[in-house]
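Peer 1: First the structure, which I've put down as structure tokens, then a few questions once you've had a look.
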Amino acid sequence: MRAVDLIQKKRDGLELSSDEIQWLISGYVAGTVPDYQMSAFAMAVYFQGMTTRETRDLTMCMVESGEQIDLSSIPGIKTDKHSTGGVGDKVTLILAPLVASFGVPVAKMSGRGLGHTGGTLDKLESIKGFQIERTQEEFINQVKAINISVIGQSDNLVKADKLLYALRDVTATVDIIPLIASSVMSKKIAAGADSILLDVTVGEGAFMKTLEDAEELSKTMVALGKKVSRKTVAVITDMSQPLGRAIGNRLEVLEALEIMQGNGREDVTHFICELGQIMLSLASVDESLETIHDHLVNGLALQKFEQMVEAQGGDLKDLYRSSSAPVVTEVFAEDDGYVVALPALEFGLFAMRLGAGRAVKTDPLDYESGIVFNKKIGDAVKNGDSIAKIYSQEKLTEKELTEFKKNVKIDSARIETKEIIKIIS
Ligand code: URA
């Protein structure tokens, strides 16, 4: 076979066979298919798409390109969750311990943030001492002992995705459904859990900008999971505004603690309970929203979270420390009415520029900086009310402040938002 023929075949809209996909992916991982040919192939897929069968073959070739985690020694139905990326998305920090507090094992490998989106690993590393690198044996033993571990993805898992994702990132071929679906699901399948909750974000701050695309991605991923006997459900969630109140690593950990102490915003607390109910039902545990809410706000989820922090070397005193960012700038409403827009993308980028995120993979992070909103879409505001606090290392410039304020839209007519837009199972 020759890579050029397979590129041409895809470019012309034809379907590749299983053997051809296998040849291309294994050649790419082995280094016999070079980056420039794989880039051309990714661009051909971008314009021509892939059939369901091709996407399935690509996913399974990617799974087989690296190590696969065997969680079978852990008793019970092992659960995992994945978000396609968001702003202020601290869901894993709360949902994983909540589900584990019901005795359901949560064995999760998470990623880092890039661009305007955050990553769970960075948030956990804002806790002094927290170790995200664990051997497979330590990972499994911790889940056996306390039902929960969240670690970084092993370098040997889905080698093809590591190479291909980096290539897609610099060749404008990230946002195409078959490549996103195979990238996400290959990692989830290789990570070994029996059931998978997919949080597919939609809106300006997400990869999927429209509900139609989010639905197509969800259906593709759910079908891929089911094909290999993993119970899989996708929940399409709103990412038109940041999730919850905080954006920024330490600030999001603090918000997660606030929610697990029963002091979170009602909307995000309820959202986590709904996700918890779905994740538990995937593990064949049926609980009412009321019981789940009790676990969340009465200390049981928090206890699990603290157990995980301790087991992974984190400092429990540091966990509760406020942000040490030296400059805190409060932003006030300049009108009466309701908040009608808080664009996730703009605020995600704003927080990134403060140091809370990375523009490129090698950028260092400032764990302490970010934004905490006191108002969200749908909230009533009066002129002079506090909208948000911005945590930074340096004083903000007038230009930065003006830009921040410009993105907070207040109007006289209230609009409703809901976190869960649709469930695909
Ligand atoms: N997240 C992934 O893991 N892969 C993609 O392709 C896009 C988002």
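The numbers here are math on the coordinates, done by the rules we state, and not lab data. Worth saying up front: this structure is predicted, and the values here are computed from it rather than measured. Positions of Cβ are backbone-derived with ideal geometry, glycine not excepted, and every protein chain shown enters the neighbour counts.
Peer 1: Any chance you could check the Cα centroid distance between the range 238-288 and the range 291-322 for me, in angstrom?
Peer 2: 14
Peer 1: Moving on. Compare Phe102, Phe350, Phe47 in a GNM of the chain, Cα atoms joined below 10 Å, and give the one with the largest fluctuation.
Peer 2: With Cα springs under 10 Å in the chain, the top fluctuation among Phe102, Phe350, Phe47 is at Phe47.
Peer 1: Enumerate the aspartates and glutamates that Lys395 could reach by cross-link, defined here as Cα to Cα under 18 Å, with residues fewer than 8 away along the same chain left out.
Peer 2: Glu330, Asp366, Glu368, Glu403
Peer 1: Another question, then. Residue by residue through the range 194-203, what is 3J(HN,Hα) from phi via Karplus (6.51 cos²θ - 1.76 cosθ + 1.60, θ = phi - 60°)? Round to whole Hz and write x for glycine and proline.
Peer 2: Result, ordered by residue: 7, 9, 9, 9, 9, 9, 9, 7, 9, x Hz.
Peer 1: Relative to the longest principal axis of the C-alpha atoms of the chain, give the angle of the C-alpha long axis of helix 91-100, reported between 0 and 90° and rounded to the nearest 10°.
Peer 2: It is inclined by approximately 80 degrees.
Peer 1: Using only Cα positions of the range 327-411, each an equal point scatterer, no hydration layer, compute I(q)/I(0) via Debye at q = 0.14, 0.23, 0.24 Å⁻¹ and quote the log10 values to two decimals.
Peer 2: Taken in order of the listed q values, log10 I(q)/I(0) reads -0.47, -1.12, -1.19.
Peer 1: How would Leu224, Leu14 line up from fewest to most surrounding beta-carbon atoms within 10 angstrom?
Peer 2: Numbers: Leu224 25, Leu14 10.
Exposure proxy ranking, most exposed first: Leu14, Leu224.
Peer 1: May I pose another question? Which Cα, out of Thr329, Ala359, Val339, lies furthest along the positive dipole direction of the range 327-411 (beta carbon charges, K/R +1, D/E -1)?
Peer 2: The Cα lying farthest towards the positive end belongs to Ala359.
Peer 1: For the chain, set up a Gaussian network in which alpha carbons nearer than 10 Å are linked by springs, and say which option among Arg230, Arg11, Arg358 fluctuates the most.
Peer 2: Arg11
Peer 1: Tell me the volume per residue, in Å³, of the convex hull enclosing the alpha carbons of the range 3-49.
Peer 2: On the way: hull volume 2.8 nm³, N = 47.
Dividing the Cα hull volume of the range 3-49 by its residue count gives 60 Å³.
Peer 1: Note down the relative contact order for the chain as a percent, whole number, built from C-alpha pairs under 8 angstrom at least six residues apart.
Peer 2: Values: 891 pairs, mean separation 82.4, N = 425.
For the chain, the relative contact order is 19 percent.
Peer 1: Convex hull over the alpha-carbon atoms of the chain: what's its volume per residue in Å³?
Peer 2: On the way: hull volume 57.8 nm³, N = 425.
Considering the Cα atoms of the chain, their hull volume per residue is 136 Å³.
Peer 1: So how long is each side of the range 156-312 along the principal axes, counting just the alpha-carbon atoms, biggest first, in Å?
Peer 2: 46, 34, 33
Peer 1: Just report the Cα centroid separation between the range 130-190 and the range 368-425, whole Å.
Peer 2: 32
Peer 1: Sticking with this one: What residues qualify as long-range amide H neighbours of Thr237, i.e. H under 5 Å apart, gap of 5 or more or another chain, H built at 1.01 Å from N?
Peer 2: Here the answer is Val200, Thr201, Val202, Ile421, since their amide H atoms fall under 5 Å of that of Thr237.
Peer 1: My understanding is that a pair violates if its Cα-Cα distance is over 32 Å; which of Lys123/Lys162; Lys188/Lys304; Lys188/Lys209; Lys128/Lys418 do that in this structure? Intermediate results must be reported in sequence, preceding the final value.
Peer 2: Numbers: Lys123/Lys162 21 Å; Lys188/Lys304 23 Å; Lys188/Lys209 23 Å; Lys128/Lys418 34 Å.
Check vs 32 Å cut-off fails for Lys128/Lys418.
Peer 1: Still on this model: Considering Cα pairs under 8 angstrom that are at least six residues apart, work out the relative contact order of the range 262-302 and quote it in whole percent. Display every interim value, and only then the final one.
Peer 2: Details: 22 pairs, mean separation 17.4, N = 41.
It comes to 42 percent, rounded to a whole number.
Peer 1: May I pose another question? Where does the chain land at 222 nm, in deg cm²/dmol rounded to the nearest 500, when only DSSP H runs of n ≥ 4 count, each adding -39500 (n - 2.57), divided by all residues? Spell out each step's value before the answer.
Peer 2: Values: 17 runs with 188 residues, N = 425.
After summing the helix terms and dividing by the residues of the chain, the value is -13500 deg cm²/dmol.
Peer 1: Something else now. Please order Ser83, Ser72 by the number of other Cβ within 10 Å, starting at the fewest.
Peer 2: Values: Ser83 26, Ser72 10.
Fewest-to-most Cβ neighbours within 10 Å comes out as Ser72, Ser83.
Peer 1: As I understand it, the value is the acute angle between the Cα axis of helix 249-260 and the longest principal axis of the Cα atoms of the chain; what does it come to in degrees, rounded to 10?
Peer 2: Rounded to the nearest ten degrees, it is 70.
Peer 1: Within a 10 angstrom radius of the beta carbon, how do Phe305, Phe332, Phe139 rank from fewest other beta carbons to most? Don't skip to the end; give the middle numbers.
Peer 2: Values: Phe305 25, Phe332 15, Phe139 22.
Ordered from fewest to most neighbouring Cβ atoms within 10 Å, Phe305, Phe332, Phe139 come out as Phe332, Phe139, Phe305.
Peer 1: Would you kindly calculate the translational diffusion coefficient of the range 50-201, applying Stokes-Einstein with the Kirkwood radius from alpha carbon pairs, for 4 °C and a viscosity of 1.567 mPa s, and quote it in µm² s⁻¹ without decimals? Walk me through the numbers before you get to the answer.
Peer 2: Numbers: Rh = 16.0 Å.
Translational D for this selection: 81 µm²/s.
Peer 1: Among bridges DSSP assigns within the range 79-318, what percent are antiparallel (round to 5)?
Peer 2: Details: 1 of 21 bridges.
Given both bridge residues lie in the range 79-318, the antiparallel proportion sits at roughly 5 percent.
Peer 1: What's the ranking of 29-37, 340-348 by average number of surrounding C-beta atoms within 10 Å, highest first?
Peer 2: Working: 29-37: 14.1, 340-348: 21.2.
For the peptides 29-37, 340-348, the packing ranking is 340-348, 29-37.
Peer 1: Whose amide H sits under 5 Å from the amide H of Met208, counting only residues 5 or more places off or on another chain, with H placed in the peptide plane?
Peer 2: Gly203
Peer 1: When the scattering of the range 36-137 is computed by the Debye formula from its Cα atoms alone, each counted once and equally, what is log10 I(q)/I(0) at q = 0.12 Å⁻¹?
Peer 2: -0.63
Peer 1: Amide H neighbours of Ala246 under 5 Å, counting only residues 5+ apart in sequence or on other chains, H built in-plane at 1.01 Å?
Peer 2: Phe373
Peer 1: Using Cα pairs closer than 8 Å and at least 6 residues apart in sequence, work out the relative contact order for the range 125-216, in percent.
Peer 2: 18 percent.
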